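Enquirer: Before anything else, here's the structure in question.
Each reported figure results from applying straightforward, stated rules to the coordinates on display, with no laboratory input. Just so it is clear, the structure is predicted and the values come from calculations on it, not from any experiment. Cβ coordinates were reconstructed from backbone atoms using ideal geometry, including for glycine residues, and neighbour counts include every protein chain displayed.
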2 protein chains.
Amino acid sequence: MDLGGTKIQAAVVDRDGSVVATHRTQTDVEGGPSKAVADIVRCVHACAPDLSGIGAVGVGVAGQVDADSGVVRSAPNLGWRDFPLGDRLETVLGIPVVVENDVRAIAWGVWRHGAGRDIDDLIVMFVGTGVGGGIVSSGQLLTGDRGVAGELGHSTLVADGRLCTCGRRGCLEAYAGGWAIAARAREAIEADPAAGQAMLDAAGKGPVTAVVVSQAAADGDPLATELLEETGRYLGAAAVGLVHALNPRRIVLGGGVVDGNPFLVDAVAAAVKADAIPIFADRLDVRQSQLGPQAGVIGSASLARRRLAQGAAETGR
Amino acid sequence: MDLGGTKIQAAVVDRDGSVVATHRTQTDVEGGPSKAVADIVRCVHACAPDLSGIGAVGVGVAGQVDADSGVVRSAPNLGWRDFPLGDRLETVLGIPVVVENDVRAIAWGVWRHGAGRDIDDLIVMFVGTGVGGGIVSSGQLLTGDRGVAGELGHSTLVADGRLCTCGRRGCLEAYAGGWAIAARAREAIEADPAAGQAMLDAAGKGPVTAVVVSQAAADGDPLATELLEETGRYLGAAAVGLVHALNPRRIVLGGGVVDGNPFLVDAVAAAVKADAIPIFADRLDVRQSQLGPQAGVIGSASLARRRLAQGAAETGR
C-alpha cells in the first residue's frame, strides 16, 4: 500500500519486486482515518480477492511513523495524529501489517529491487511536493532512535533561510520541494511579470505549480529553466553535505520533480564531482530511481516481506 | 595514539577507558611520515617500556584514513598523502596497529566510555580548529563506502556561503571551526575597529584566534560574545539538519572550542528543542563530552581493543 494525501494505491508485489496487480483510489482526507482504513481494505480486496496467497501487507504513509508499533505519529497531508493504523488493518485483514514512512519504504525498495540493489551504502532522496529520503549504511536501513531517520527534506541547506512548512527556516525542502519550486516561481513572476508570462500562460486559470514550471522549462522558457537549474544547485549542495556525513556509494533520486526533470540527476552528479572531497566523490555515482511511480508499493511490499522473514527467523519458523 | 598537526600523544588505556600512562611530544611536520613513525614509536616506549602487556595500538589521525588498510589517504595538517602508517608501525612495534580518523576514534570512545555510553544512536561533533564527527546508528559506528563517513564539518550549512578550506562554499566548518571563528572575528574587527579593540588587546602582538575570541568573551566583550553566540546558532542549525537526517538519541559536543565555551552545548540544545520536528526532539539530549583532552587516545585505544576482539571472534581464538 502507498497512502498519501492524494491517492491510496494497493499492489500485489511478488518476490522479485514485480507488480502483479494494482488498484488505486483517491484519498478521502475529509473522511479521516476510519474512511482510509475502509478504502485501504477495499483496495486490497480489489487486487487480491483471495488473501490466502498474501503473506503480509506493507503500508507506506506520507508522515512520521513508529514502525515498531505501526502507529502513524503525524501525517500532515492526511490530518492524522497518533493513529494505530497497523493494529486496525491487522484486525480487519487478519494478516500481518507493517507500517513505515513512505520514503523510507521507497528507500528499502530501491535498495532491494531498484537502482541501489547491488550496493550497501546508499542515500535515497525523493523530491515530490515534499522531499523525503532514506539512508542505507553498511547494509542497514537507518532508523534512528524513534524510527524516523531519513527526513532529508529537513536537513539544513541555508541556515536561517526560507521558511519551511515544518516551521523552521532553511530546510532543503523549502528550496527544492515541489511546493517550494512553485513558491519561488510565483516570487520570480511577481518580481518580473514579463519574464514570467510563459509560466502564467502554461498555468492558464490554475495556480503556478512545480508541474507548470517543468512544462514551461520544457518549452524553453528562460525563467522556468533558471528556476529548475537553481533547484539542481540546491539539491547538489544538500547532497554534497550528506555525502560528507555519510560517505555513500550511490545517491538515488526519484519522485515527481526528478522524474519530470531528469537533468536534475546530472546536476546533482556534477555538484558532487565538483565539490565533494575527492575520497568521497571518487567512487560515488548518482542515478535516477528505476521504479517510477510504483516505487511506493514495491518498497512497502518489500519491507513487509522482510519483516515476515525476520519474524520467521526469530520464532524459528 | 593521537596524531595531529601540533602534537603526538601516546597513552596506555585500560579496559575501562582509563588512562594509565601517557606521553606526548610536538609533531615535527617538516620531518614527514618517517619522522612521525619514529616519534610515535618513541612515545609508545616512553609510556609502555615493555610491550608484552599491550594488546594493540590504535592511532587516531587528523585526516582521511582507510581504516581497513591502515593507510592515511590525506592529512592536510601533516602534509601526508597515501602513507601506509598501519603497516609501518606494525613492522616496528610487532603488535597489531589500527589506524582511524581521529574524530571517528573519538566518537567510538565517547560511545564506549564517555557521554554516549548508555545509548545506541549518537552524533558526536568535535569543534576544534576544524570540525569533525562520528555517527553511531542502532549500535553501529557508521563508516560509509570508503570508511570516511562522519565528516560533519563539511556538511552544508549555507549553500554557496563562506569559502571552506576544502575548496567548497558553505560548509559548517567555514562558520564554526576555530579557524573560521578567527576569520569572522578579524572581519568584524575590520568592519568596526572600535568594537574590536578588546579582542585586539587580548591578542597582544599575536593574531586574533578563536582562543582570543573566547578570552575576550569571558571578559565580557560584546563583539566577542556576539561572535560566539552566532557560532552557537550555526552549530545549532547544522545540528537540527543532522537530527532530521539521523534521528539520534543524543548529540555529544567536544573539542577545544566547545570545552572553552561550554554554553555552546546549551545553544545547540536550545536550537534542537526550538527547531527540530517534535518526534525528533522529544527524547533527544545534547551533552558535552566527558573525556576532555584525552578523548583522542581513549577513543583510539578503545577502537584497537574492539578490532582485537573482532579478530579473536573471527579466528575463533
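Enquirer: Just to verify a result, which residue in region A:114-127, among those that are more than 17 Å from A:H244 (Cα to Cα) and surrounded by 22 or more Cβ atoms within 10 Å (Cβ to Cβ), is nearest to the other protein chains (Cβ to nearest Cβ)?
Expert: A:G116
Enquirer: Exactly one of these conditions fails for A:G17: (1) in contact (Cβ under 8 Å) with a residue 60 or more places away in the chain; (2) of a type in the set (G, A, S); (3) surrounded by fewer than 18 Cβ atoms within 10 Å (Cβ to Cβ). Give me its number.
Expert: Answer for A:G17: the failing condition is (3).
Here is a yes/no grid of residues against (1) within 14 Å of chain B (Cβ to nearest Cβ); (2) closer than 26 Å to A:V243 by Cβ; (3) buried (at least 24 other Cβ atoms within 10 Å of the Cβ):
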position	(1), (2), (3)
A:L152	yes, yes, yes
A:R184	yes, yes, no
A:P193	no, no, no
A:T209	no, no, no
A:L223	no, no, no
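Enquirer: Within region A:181-203, identify whether any single residue is within 21 Å of B:A238 (Cα to Cα) and over 19 Å from the mean Cα position of the chain (by Cα), and answer yes or no.
Expert: No: region A:181-203 contains no residue that is within 21 Å of B:A238 (Cα to Cα) and over 19 Å from the mean Cα position of the chain (by Cα).
Enquirer: Just to be sure, is A:D145 over 25 Å from A:D266 (Cβ atoms), within 10 Å of chain B (Cβ to nearest Cβ) and not hydrophobic (A, V, I, L, M, F, W, C)?
Expert: Here the answer is yes, as A:D145 does meet what is asked.
Enquirer: Right, another one. Which residues, taken from region A:2-14, are touching a Lys or Arg at 6+ places or on another chain (Cβ under 6 Å) and either free of Cβ contacts under 8 Å to residues at least 24 places away in the same chain or of a type in the set (F, W, Y) (or both)?
Expert: A:K7
Enquirer: Can I ask one more? I'd like to verify a number: residues in region A:129-143 that are surrounded by fewer than 22 Cβ atoms within 10 Å (Cβ to Cβ) and not hydroxyl-bearing (S, T, Y), how many?
Expert: 2
Enquirer: Regarding A:D120, is this residue in a loop (DSSP other than H, G, I, E, B), among the acidic types (D, E) and free of Cβ contacts under 8 Å to residues at least 12 places away in the same chain?
Expert: When the stated conditions are applied, A:D120 does not pass them.
Enquirer: Kindly establish whether B:I135 is assigned to a loop (DSSP other than H, G, I, E, B) and touching a residue at least 24 places away in the same chain (Cβ under 8 Å).
Expert: For B:I135, the condition - assigned to a loop (DSSP other than H, G, I, E, B) and touching a residue at least 24 places away in the same chain (Cβ under 8 Å) - is not met.
Enquirer: Something else about it: Of the residues in region B:268-301, how many are among the polar types (S, T, N, Q) and within 14 Å of chain A (Cβ to nearest Cβ)?
Expert: 0
Enquirer: Continuing with this model, one more query. May I ask you to verify whether B:P49 is of a type outside the set (D, E, K, R), farther than 29 Å from A:I277 by Cα and in contact with a helix residue (DSSP H, G or I) (Cβ under 7 Å, 6 or more places away or on another chain)?
Expert: no
Enquirer: Have a look at A:R104, A:R24 and point out the one that is within 24 Å of A:G311 (Cβ to Cβ) and basic (K, R).
Expert: A:R104
Enquirer: Out of B:A159, B:A180, I need the residue that is facing another protein chain (nearest Cβ under 10 Å), among the small types (G, A, S) and surrounded by 20 or more Cβ atoms within 10 Å (Cβ to Cβ). Which one?
Expert: B:A159
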